Structures are given as C-alpha cells and as structure tokens.
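Here is the structure we will look at.
Every number here is computed from the coordinates shown, using simple stated rules; none is lab data. Since the structure is predicted, the reported quantities are computational estimates derived from the model, not experimental observations. With ideal geometry, Cβ positions are generated from the backbone for all residues, glycine too; neighbour counts draw on all protein chains shown.
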Amino acid sequence: MDEFSETLPRRGFLAAGGICLSGAWVPGSITQAATSTGGADASPVEVIALSQGLADWVLHTSRPWSRKYGALKVRVGGVAGKLEKHQVALVSPRSLGGLASNLGKVPAALLGRQEVAWTDVLPVWRDRLAKWRGYILGVPIQGDIWVQVIRTDWLADDGLQKAHQSATGKALRAPRLWEEWIELGAALQGKLPGRPGAPVLPPLPAEPIDQTRLLRQVAACYAMERLAAGQRLRPGREAENNHYALDFDLLTGKPKVAGKAFVHSLEWMARMGPLQPKRPENQPWQAFARGEALVALVPGSALSALQRGPLRDRFDIHPLPGADKVFLEDGLLQAGQGNSIPLVGSEGALALAAPGAMDAVWDLVAYLVQPKTQLDLVLDPNLGGPVREQHLQGAPWDGLQLDARRLAQWHAALRATLSPAETINPAVALRTPDADRLDEVLGRQVAACLAGKEKPGECLKGVADAWLELGKTRPERLQEVRASAGLT
C-alpha cells in the first residue's frame, strides 16, 4: 500500500460546479490549504489546469496528498513561458512540442513506482503522446475518445428502412464507412418522422479547430493503413508513412495535407453540406440530443448528457466509421470492410513540469496518475477520457447511466478505438512547436472550401504551400514532424 492510500468517493466535478475546500472560491485561482507534514520548500505546489473541470478534480482528489506536502494552489489557464520549479501544468497533448525545450524529463523513479503502474498506460499515450524526441516529458492524466451514436427507434422505423433500401439497396444501420454518411443523408433527406423536409445529418462544427479535427478524423482512415495486433510494418522505405504519417511525410518532412487522403476527406465534408442544416453549431451533437438528427459524432463526455435527456435508451453507440480505401505511398488499397484509424490526442491532458522540479511536484504527479486516483477522473461523465488499459476492461462507468445494452456497446467502442489489441497505430494529433499556426492556416482554407469559395484540392494546395513556407524557418522540421507523430 502506498503512502497516499486514502480514497475519495467518485463525483461529477463539472455537474457540481466550482468547489471550495478552504475559503471563498475565485474562478481562475483557487487554493487548497492543509497543514504541512513534510517538504521543506517554502513554495507551495501550484497546478495550472487547462479547464475548470480538471482544476476542480485536482482540488477534490488531492486532499490526502496535501496533508503531506501542505498548501496546494490550483488555477485555470495556459502556460506562458517557462514553468517554475514548484509548478505542474496540465495541458493538451497538442502543446507538448511548443513547450518541450523548457520541460523536465519524467523521472525514471516515478515511472518505476508500483502504484503508478506505468505499463498499464495505453501504448499510444505512454509511448507516443507522452514523448518528444524519444524522451518522456509528460504523464497522461486525461484521455479523449469520440464515438458515433444513432437513433435506435428510427432504425426500426419501417418507412425509413424502406426508403433507405430503395435508395441504396442496403438495410438501414449505423454507418460503418464515412461514405455511408453521404448515402444515409441523401436517402433519408426530409423523411424523419415529424420532421418533413429536414436533414437527417447533424450540422457542421462552427469552429475552425473542430472542423480541422473532423477533417483529420476522416483523413486518418484514408491516409494510414490499420495495423492490428500481431501485424508488422511491411518491408520497404514507405512502410512508416503508410502506417503512421498523417499531416507530414515522415521521410522528408514535407506536408501531406494536399495529398489524396486529405483532398478526398475535404471533398467528403463539402458533399455533406447540402445534406446538413445550413447553420453550423459549436456542438453539432446537440442537434442529435434535440431529436433533429438520425446520427452524430460525439465525444465520450457527451454520452451522459444524451442518456440523461429525452433520448434515454433510444440511441446506440458505435465506433467512428472507417474508409473504404486507403491512399498509400505505393498505390491504392481497397478496404471493403473498412479501414478505421482513430485520432488520439486532440483533447485530453498531460502533466508537465520544469527541469529540476521540486520533489513535491513529481510526487503530486505520481499521486494524480495512479490508477485508483485517476479512476475518479476517467469515470466522471463530464470529463472522462481513458488512458489506461484498465479503463477499457474493468471500469464500471456508472456515471454514464447506460443500460446493459449501451454499456456493452460503449465497452466495445472503447476496445475498438483504443485497445492495442485492436489497433496498434492510432493517428496522433499534430504537436509540432508551430502546430497552432499550421492549424490556423488549415482552418482558414477549410472554411473557405466549405463556404464554396474554392475547390478542396485548391484549398489544400494553398495550405501545403503555406506550411512549406513556414517550415523554411524551422531547420529541424523533419525531426519535429517525427516527434509529433511519437516517433524517433
């Protein structure tokens, strides 16, 4: 048993709002006070969290830890400049490249602690997202997962079944391929019960960052061939690109964003436009929650909201669709059964610290990441994102309030998306030091394409040219590209 063996009851941190453990609660700057029983450094450990939900969780779950080390400060915000030796930052994996030069390596002694159970962390988080240029600089705290939901009551509707069968020659079911979203939207446009003339697909995401995430979620399936457990890279120089390259070529460092996979995926988004509501939404899945869509893509953190609302027990949960073909470096691969590659790391959180960080800083990180502590965060219905194999197997997920049918579907979606036994090579979100600037360019061009101002190929050619120009100021671009993908 470790020294922080006290356990705390699970709770919904966001649902509970801001919490206060000592004195008044002030948004953006909150402190948990405790009597120090150890640690001689005068500076209290400070946690910089990327969201209020994470900040609340840290305060709630760290009470046993703070009895040992004293006052713990928590604030919500970003990291500007270098971290101080008393600070821990909980940041998006996308930020790692930009911060890497000012970060300390995670101590080997921390990773070797029995209570940390480092080998239980999912390989994509442990071996790729936590690393930069071969060094472990981050400790995974919170993961991310997206799933597909579809209305079960409408799937059973005879009129919709007949209309879909007549238009496509196929039975109505949850799409297994991205192309089937187009088929579904075209076949059933205006035919939803009680919604004559209305689309059956949800709206487009309104924010550029969400549009580019969707583009990558689709493009990963067309750009990378899935590696299942037991499979190895094909021989040949292009094998790494075929299985791990998304935004950039891993051999040359040149952009792949104007290649066939991205162009096809942006064309897919443009073709969906006439089949979607005209007005984009910040959270497109909320149209599904309102009963205005047959199918939707949702973050795992949205499932509890769906289950608590009017659609309780009226939707099924599936993994995201895959591609029917893969544009490989050495030719086109037909994938009739679907090639599904999850995108990981666009959300979630890593714990980072400065070189020479106080011992108390790494002790806090070790405490936050150990399975019994982390389980509260992962199972919170508003925050949860799996980062451990344990989370895919034995976690109860009671906060989602799913019945037996949907709980089994959720477990299946978790395994299909994140289990190393299913997919060895998930796509990793872009994490180069200039990722924000690159995404700004991509988002602007994607928006122009979806507004009908330019064709997909022209838009993405402009992106690739701009990325190449930006890369001229980065002499280590190839190394950054490989590090971004979690490779050395």
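Residues with amide H under 5 Å of Val147's amide H, sequence separation 5 or more or different chain, H placed in the peptide plane at 1.01 Å from N; which?
Val298, Gly300
Could you list Tyr222, Tyr135, Tyr367 in order of exposure, starting from the residue whose Cβ has the fewest other Cβ atoms within 10 Å?
Ascending number of Cβ neighbours within 10 Å: Tyr135, Tyr367, Tyr222.
Report the local net charge at Trp178: Lys and Arg +1, Asp and Glu -1, summed over other residues whose C-beta lies under 13 Å from its C-beta.
So the environment of Trp178 carries a net charge of -1.
Can you work out the Karplus-derived ³J(HN,Hα) for every residue in region 204-213? Use 6.51 cos²θ - 1.76 cosθ + 1.60 with θ = phi - 60°, whole Hz, and x for glycine or proline.
6, x, 7, 8, x, 5, 7, 5, 5, 5
Defining a contact as two alpha carbons under 8 Å apart and six or more residues distant in sequence, what relative contact order in percent does region 197-296 show?
Computed over region 197-296, the figure is 50 percent.
Gap in Å between the Cα centre of region 41-62 and the Cα centre of region 338-370?
That distance is 14 Å.
Testing the spin-label approximation: label points 7 Å from Cα along Cα→Cβ at Arg271 and Ala404. State their distance in nm.
4.1 nm
Would you mind calculating the relative contact order of the chain from Cα pairs under 8 angstrom and at least 6 residues apart, reporting the percent as a whole number?
25 percent
For the chain, what is the percent of antiparallel DSSP beta bridges, rounded to the nearest 5?
70 percent
Please list, ordered by chain and number, the residues whose modelled amide H lies under 5 Å from the amide H of Val428; skip anything fewer than 5 residues away on the same chain.
The list, which skips near neighbours in sequence, is Val344.
Would you grab the residues whose amide H sits under 5 Å from the one on Gln142? Only those 5+ places off in sequence or on another chain, please, with H modelled 1.01 Å from N.
Answer set, sorted by chain and number: Ala349.
Within region 248-292, report the trypsin sites (Lys or Arg not before Pro) that DSSP leaves as loop and that have at most 16 other Cβ atoms within 10 Å.
Lys278, Arg290
Considering Cα pairs under 8 angstrom that are at least six residues apart, work out the relative contact order of region 44-103 and quote it in whole percent.
Rounded, it is 48 percent for region 44-103.
If you place +1 on the Cβ of every Lys and Arg and -1 on the Cβ of every Asp and Glu, how big does the dipole about the Cα centre of the chain come out, in debye to the nearest 20?
380 debye
Work out the FRET efficiency for Leu333 and Arg279 from their Cβ-Cβ distance, taking R0 = 41 Å, and round it to the nearest 0.05.
0.65
For region 467-476, just list the computed ³J(HN,Hα) in residue order, Karplus coefficients 6.51, -1.76 and 1.60, θ = phi - 60°, integers in Hz, with x standing in for Gly and Pro.
Running phi through 6.51 cos²θ - 1.76 cosθ + 1.60 with θ = phi - 60° gives 5, 4, 5, 5, x, 5, 8, 10, x, 9 Hz.
Too long at a 19 Å Cα-Cα cut-off: which of Lys254/Lys325; Lys260/Lys325; Lys85/Lys105?
As for pairs spanning more than 19 Å Cα to Cα, those are Lys254/Lys325.
Where the centre of each part is set by its Cα atoms, how far does region 162-200 sit from region 246-290, in angstrom?
20 Å
So which trypsin sites (Lys or Arg not before Pro) in region 407-464 are both in a DSSP loop and have at most 11 other Cβ atoms within 10 Å of their Cβ?
When the trypsin sites (Lys or Arg not before Pro) of region 407-464 are filtered for loop state and at most 11 Cβ neighbours within 10 Å, Lys453 remain.
Taking 0.36 nm per residue of separation and subtracting the Cα-Cα distance, what length does fully extending Thr488 through Asp127 add?
Contour length minus Cα-Cα distance gives 128.9 nm.
For the pair Ala156 and Arg232, how long in nm is the line joining their label points, each one 7 Å along Cα→Cβ?
Calculated label separation equals 5.0 nm.
Fully extended, how many nm does the chain gain between Arg195 and Thr252 (0.36 nm per residue separation, minus their Cα-Cα distance)?
15.4 nm
What is the distance, in nm, between label points placed 7 Å from the Cα along the Cα-to-Cβ direction at Leu110 and at Gln393?
Here the modelled spin labels are 2.5 nm apart.
Mind putting together the pair-distance distribution for the chain? All Cα pairs, 20 Å bins, whole percent per bin, short to long.
Result returned by the calculation: 23, 55, 21, 1.
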